[in-house]
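Colleague: Starting off with a structure, shown below.
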Amino acid sequence: MSHERGRGDGGGGHGGGDGRDGGDAPEGELLQAVFASTGAGVYLTGLDGRITAVNPQAALLLGRSAASLRGADAHEVLHRRLDGTLPPRSSCELSRAVQEERTLRSESAMFLRGDGALLPVEWLASPIRGEGGLLGVAVVFAGIADRLDAAGRQAEQLARLQAQTGQLRLISEITTVLAQTLDVEEAMRRLGRLLVPRLADWAAVDLCLGPRELRRVTVECRDRRFMDPSWCSPLPALPVSSRAPVVRVLRGHEGAVLLGPEEIATAPDTPLAAAHSALFAVLGGRSAIVAPLRSARRVVGALTVARTGPSPFTDADVRLIADIARSAGLAADNASLYGRQRDIVVTMQRHLLTPLPQVDRLQLAARYLAAPVGSQVGGDWYDAFVLPDGVTALVIGDVAGHDLEAAGQMAQLRNMLRALAWDHREPPSAVVDRLNQVMAAVSDAPTASAVLAKIEPDGHDGWLLRWTSAGHLPPLLVTPDGQSGYLEEGQSLLLGVPLGDGVRRHDATRPLPPDSTLLLYTDGLVESPASDLDTGLCRLRRHAAALARHPVQDFCDQILTRAPTPRTDDIALLALRLPAR
């Protein structure tokens, strides 16, 4: 099909054959049919950008007649920005197809319809070339409104999913943070710091600490200038009835309550309601939520969150805060139960770890530090007592575990060892042998390690150490000039392990220099997940040598402060300071 015949046709150069010229007419008719019936909009322009032909689908999409479009400047009539304004011709991507003589495309653009509405489209613009060179541009376009609507719905759904994921992540983070402490007030302070400013401008937690005791334990606000320590103080008693939301929530009559300006401004009807309203008077608030901190057994407190800006809380926020309050309530109840258990085990510890004896000229000091996780007592123990012959006995031991079961097993072994050492004037090894035999019959402790030592006068105004070790770490001897070393003799198998026929434990002896320090300890002082045992033993020996001249009480305190971290086990230590000459 020749260039002249294509230009001469009123349809813009797509069907000029008359059917008499070497088969051109059938080809032209085919092209004309394709142009007219294609499902995409098509228009052609000359080099000047004016429309020369428009197919029916283009006219339909644009809401204009083909006649009104032919001869019009395509840029001025059709092209628009997203806001409906006409872009400058110099920045028009469709114009570049002529200037750069290459095919261009766009997946998102706007055409102006005849009714003034904007039609979102995707288009492809391709230069038309003939024998004489560039003739114009063919633009093929399709409406994408349905696709944009679907994408918008998908984006909204994605946004909702992202919001839900963010909420779940926040709840998970709060649950994790609250589980990291068993101090109920510290847990609630952490809760406030997580909520402000992420969800609220300020937050407060009121806790029921007893049948008649109510206390505000934390107030957290975005503007730190308004913080007042006096806010965290006892509150008025919980009234039997009140219309105030905080009272209804604490009484268990309400779930999470959404408050607007009118509810916030309601005059308080009880002293407790007045204390709650005072926070709004100082910190402000146009929207608030009061949610119960509820455990499986009861309401343990109330969480109040407030916003002072123009964005109020929504029903979705109420559900989120209710979930957060539920997690916080369980954490608060667990912490409260732990506090009561801690009081019990502290009392138990005082009875299990007896006071040290007052021994003439010998100075004794001991320390016990519970594992970071678990009870306040465990399987580690120390003991010191004076035997009937006046000799001082020292004991350090360890039953596996740091819970109440281990503490009970420890108490059994400690009492049996005391009784055997008192009743039998034998070397330490023989006493420990007897303990091993009795342990198999009357104790449920599987195995244990221990050191039994006796401090005896040597007859020359000095002192002799006689000891045996049942699988325990070696005692550490520190001289006053800072020399230190482990006493590794006297080792034998753990308690609870049969020795076999003919196998006996043995003792070791060592003179103790004047003013020296003997340290017995359990493995929590030298073992750490972050390092091996040899490293821990070297560290303890080095620290003890540096503390050789410190008073024995301070010596023990300083040794504990230098214990390895992180720590997973109990620590017991017993120190003996010999008299100077």
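The values are calculated or read from the model by the stated rules, or taken from the named source; none is laboratory data. Please read all numbers here as calculations on a predicted model, not as lab measurements. Methodologically, a virtual Cβ is constructed for each residue, glycine included, from the backbone with ideal geometry; neighbour enumeration extends over all protein chains shown. We work out accessible area using only protein heavy atoms, side chains counted, and drop any ligands, DNA or RNA first. Shrake-Rupley method; radii C 1.70, N 1.55, O 1.52, S 1.80 Å.
Colleague: Taking R0 as 51 Å, what's the FRET efficiency between LEU86 and ALA316 from their Cβ-Cβ distance, rounded to 0.05?
Modeller: Result of the calculation: an efficiency of 0.75.
Colleague: Can you list the HN-Hα couplings for the range 133-147, worked out from phi with the Karplus curve (6.51, -1.76, 1.60; θ = phi - 60°), rounded to whole Hz and with x for Gly and Pro?
Modeller: Once θ is set to phi - 60°, the couplings for the range 133-147 become x, 6, 9, x, 9, 9, 10, 10, 9, 9, x, 10, 4, 4, 5 Hz.
Colleague: I'd like the accessible area for SER449: 1.4 Å probe, protein heavy atoms, all chains in place, Å² to the nearest 10.
Modeller: We get 10 Å² for SER449.
Colleague: In square angstrom, rounded to the nearest 10, how much accessible surface does LEU182 have for a 1.4 Å probe?
Modeller: 80 Å²
Colleague: Tell me the angle of helix 552-561 to the major Cα principal axis of the chain, expressed in degrees between 0 and 90 and rounded to the nearest ten.
Modeller: 20 degrees
Colleague: Could I ask something else about it? Near ALA150, within a Cβ-to-Cβ distance under 15 Å, what is the net charge of the other residues, with Lys and Arg +1 and Asp and Glu -1?
Modeller: Local charge sum for ALA150: -3.
Colleague: Add +1 for every Lys or Arg and -1 for every Asp or Glu among the other residues with Cβ under 11 Å from the Cβ of LEU413, and state the total.
Modeller: Here the count lands on -1.
Colleague: If amide H atoms are built 1.01 Å from N in the plane of the peptide, which residues on other chains or at least 5 residues away come under 5 Å of the amide H of LEU235?
Modeller: Correct list: LEU214, ARG215, ARG216.
Colleague: Where Lys and Arg each count +1 and Asp and Glu each count -1, what net charge lies around TRP467 among other residues with Cβ under 12 Å from its Cβ? Let's see the in-between values first.
Modeller: Details: positive: LYS454, ARG466, ARG505, ARG510; negative: GLU456, GLU488, GLU489, ASP507.
In short, 0.
Colleague: Same structure again: Could you work out the longest stretch of the chain that avoids the GluC sites (Glu not before Pro) located in DSSP loops with at most 11 other Cβ atoms within 10 Å?
Modeller: It works out to 132-487.
Colleague: Using the alpha-carbon atoms, what tilt in degrees (0 to 90, nearest 10) does helix 271-283 show relative to the longest principal axis of the chain?
Modeller: Between the helix axis and the principal axis of the chain, the angle is about 60 degrees.
Colleague: Of the labelled options [x] -0.74, -0.88, -1.33; [y] -0.85, -0.97, -1.27; [z] -0.85, -0.93, -1.13, which one gives log10 I(q)/I(0) by the Debye sum over Cα atoms at q = 0.09, 0.10, 0.13 Å⁻¹ as computed for this structure?
Modeller: [z]
Colleague: Shifting gears a bit: Hey, rough spin-label estimate for THR266 and THR447, points 7 angstrom out along Cα→Cβ, what's it come to in nanometres?
Modeller: Each label point is offset 7 Å from its Cα along the Cβ direction, giving 6.7 nm.
Colleague: Moving on. If r is the Cβ-Cβ distance from GLN553 to TYR486 and R0 is 25 Å, what FRET efficiency results, to the nearest 0.05?
Modeller: Taking R0 as 25 Å, the efficiency between GLN553 and TYR486 is 0.65.
Colleague: If you filter the range 86-140 for trypsin sites (Lys or Arg not before Pro), then keep DSSP loop positions with at most 16 other Cβ within 10 Å, what is left? Could you put the intermediate results ahead of the total?
Modeller: Details: sites: ARG89, ARG96, ARG102, ARG105, ARG113, ARG129; in loops: ARG102, ARG113.
In loop regions of the range 86-140 (DSSP not H, G, I, E or B), the sparsely surrounded trypsin sites (Lys or Arg not before Pro) are ARG102, ARG113.
Colleague: Mind checking the full-extension length gain between ASP389 and ARG340? Use 0.36 nm per residue of separation minus the Cα-Cα distance, one decimal, nm.
Modeller: Length gained, ASP389 through ARG340: 13.3 nm.
Colleague: Using Cα centres only, tell me the gap between the range 284-323 and the range 105-151 in whole Å.
Modeller: Rounded to whole Å, the Cα centres lie 52 Å apart.
Colleague: Once amide H atoms are built 1.01 Å from N in the peptide plane, which residues 5 or more positions from GLY114, or in another chain, come under 5 Å H to H?
Modeller: Placed amide hydrogens put GLY63, ARG64 under 5 Å from GLY114.
Colleague: Treat each spin label as a single point 7 Å out from the Cα along the C-beta direction, and report the GLU173 to SER531 distance in nm.
Modeller: 3.5 nm
Colleague: As an exercise, identify the trypsin sites (Lys or Arg not before Pro) in the range 235-270 lying in DSSP coil whose Cβ has no more than 16 other Cβ atoms within 10 Å.
Modeller: Taking the range 235-270 and a limit of 16 other Cβ atoms within 10 Å, the loop trypsin sites (Lys or Arg not before Pro) found are ARG243, ARG251.
Colleague: Can you show me the helix-derived [θ] at 222 nm for the chain, built from DSSP H runs with n ≥ 4 at -39,500 (n - 2.57) apiece and divided by the number of residues, rounded to the nearest 500. Please list the in-between numbers first.
Modeller: Details: 16 runs with 211 residues, N = 581.
Helix contribution divided over all residues of the chain: -11500 deg cm²/dmol.
Colleague: Out of the total accessible area of the chain (probe 1.4 Å, heavy atoms of protein only), what percent is carbon and sulfur?
Modeller: Roughly 53 percent, rounded to a whole number.
Colleague: Further question: Heavy-atom accessible area per residue, the chain, 1.4 Å probe: how many Å²?
Modeller: Result: 49 Å² per residue.
Colleague: I'd like the Kirkwood hydrodynamic radius of the range 392-501, using the inverse of the mean 1/r over distinct C-alpha pairs, in Å.
Modeller: Here the Kirkwood hydrodynamic radius works out to 14.9 Å.
Colleague: Rounded to the nearest 10 degrees, what's the angle between the helix 184-195 long axis and the longest principal axis of the chain, both from Cα atoms, 0 to 90?
Modeller: Between helix and principal axis, roughly 20 degrees.
Colleague: Then there is this: Expected output is a single nm value to one decimal: the length gained when fully extending between SER108 and THR38, i.e. 0.36 nm times separation in residues minus the C-alpha distance. What is it?
Modeller: Extra length available between SER108 and THR38 comes to 23.1 nm.
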